[in-house]
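The values are calculated or read from the model by the stated rules, or taken from the named source; none is laboratory data. The shown structure was predicted, so the numbers you read here are calculated from the model rather than taken from an experiment. Neighbour counts are summed over all protein chains in view; Cβ atoms, including those assigned to glycine, are modelled from backbone coordinates with ideal geometry. The area values use the complete protein model at the heavy-atom level, side chains included, leaving out ligands, DNA and RNA. Shrake-Rupley method; radii C 1.70, N 1.55, O 1.52, S 1.80 Å.
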Amino acid sequence: HTAPTAHFARRRQCRLGSVMTRKRAALIIGMSCCYARCGSAFSSLEARGRARVATCLFVARPNSRNFSDQRRKKGGSSTIEQKGPHPRNTFKGSYDMEKLCKVYLPLKSFIISPDNAKANISSCKKGPSRPTIKFADPNAVRALNTALLVADYNIKPNYADILPGNALIPPVPGRADYIHHVADLLGQEHGNIPERSSVRGLDIGTGASVIYPLIATSAYGWSMIASEINPPSLQSARRIIEENDLENLIDLRQQESKENIFDGIWKPNEDIDFVMCNPPFFPSLEAFQAENARKIKGLARGGMNKRSRHLSKANEVQKNEVPVSSSNNFGGTDSELWCKGGEVSFVRRMIDESKSKRYRHKFLWCTSLVSRESNFQRIEKYLRNNAQPADVRRISFGAGKKSASILAWTFLNSNERREWASKWQW
């Protein structure tokens, strides 16, 4: 016979479900037919059975992309996919500008209010308009993220004043997601997420904002070691720690060598529960400048959404456009932004140091953020071929261009990891 038509091919594909689903369908058919012979009293059950069969035969299995948390195997590693903010993230997808302005008054001057807009935004299909800011303005972004830290993590309002003008402006919701996923990783070893100062983490390249330790100590009460190589960034981080009375929870250490990551920071006989890192992404300063110019240009045109474009025109905010060269929305110090070889080279160096006899059994999990899929595949392949860890995990979160993945690895087997958690009485 000739090959089946596209219609029958699709129909046959829809029939492909789990074995258990097909078995249940067959059982329902048999039961409904048997009961139907006994009289009209069972007609409703027969109808339900037929409806179930129709659903089984003609409705395809749900697409995994529709689910917020999917666990599956990808490239041999255990993968978790999180669509949208982490469930424990205080950010739920939109900013409560009224609340944020109350806790941090300077944000108010950057609010673009739809009530005062002269543009007609009634054609926007994304629901009622809300107050926003101009995301191309680094001062507005700095104020917004400071307000989030004040409102959700009890950081003092002078945070923005301490942060140097050329420092990276940390987007708080995405940084918090990383912390929460690390907490989930630790919780798998014990059954409960540990929330105590006996849990100790190491943040590689904490930056001037010291953002990850601030969130980790506030959300879970963990102790953190924060390493940094740039002296001005160290000075800023130290002042932020002191102003928020966190000296007993955050241990700031200076890395003296550009070639080392753990060496010079990790003390002898020191056990650390987890390592985290947001590595320099760009392979060169020129690569960063080109990408920064592209992003700023897109935001200046109102690239965030239709409502932003209308509001920008209505309020003529383009008059106050910040030159690309001076914007640090996507900027920061050199050590925060780029290194030779970019994030691929940096994470490979982490892997090489982590597999050494000195460190491989001195931590529970080592993790790093990876921004691009192509880079992730290269790094994971290098990890498996050159380090041969006991377990590898991938945690993907975000969506579209804002998506990223966490690569996590350990040299301890499952029994050793449980013993580790028990040892420190999590």
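What are the ³J(HN,Hα) couplings of the range 361-366, residue after residue, when phi is run through the Karplus curve with 6.51, -1.76, 1.60 and θ = phi - 60°? Round to Hz, x for glycine and proline.
10, 9, 9, 7, 9, 10
Just the accessible area for LYS108, please: 1.4 Å probe, Å², rounded to the nearest 10?
140 Å²
Want the number for ASN415 to THR90: 0.36 nm per residue separation, take away the alpha-carbon distance, what's left?
113.6 nm
Enumerate the amide H contacts of ILE133 below 5 Å, restricted to partners 5 or more residues apart or on another chain; note that Pro and chain-start residues carry no placed amide H.
Excluding prolines and chain starts, which carry no amide H, the hits are ILE112.
Using a Förster distance of 41 Å, how high is the FRET efficiency between LYS357 and GLN377, based on the Cβ-Cβ distance and rounded to 0.05?
FRET efficiency, LYS357 to GLN377: 0.90.
Output the peptides 202-211, 413-422 sorted from most to least packed, where packing is the average of other Cβ atoms within 10 Å over each peptide's residues.
Highest mean packing first, the order is 202-211, 413-422.
Is the shape of the range 342-426 rounded, prolate or oblate, going by the alpha carbon gyration tensor and its root eigenvalues a ≥ b ≥ c, with a/c under 1.5 for rounded and a/b larger than b/c for prolate?
oblate
Taking 0.36 nm per residue of separation and subtracting the Cα-Cα distance, what length does fully extending GLU256 through SER78 add?
So the extension gain works out to 60.5 nm.
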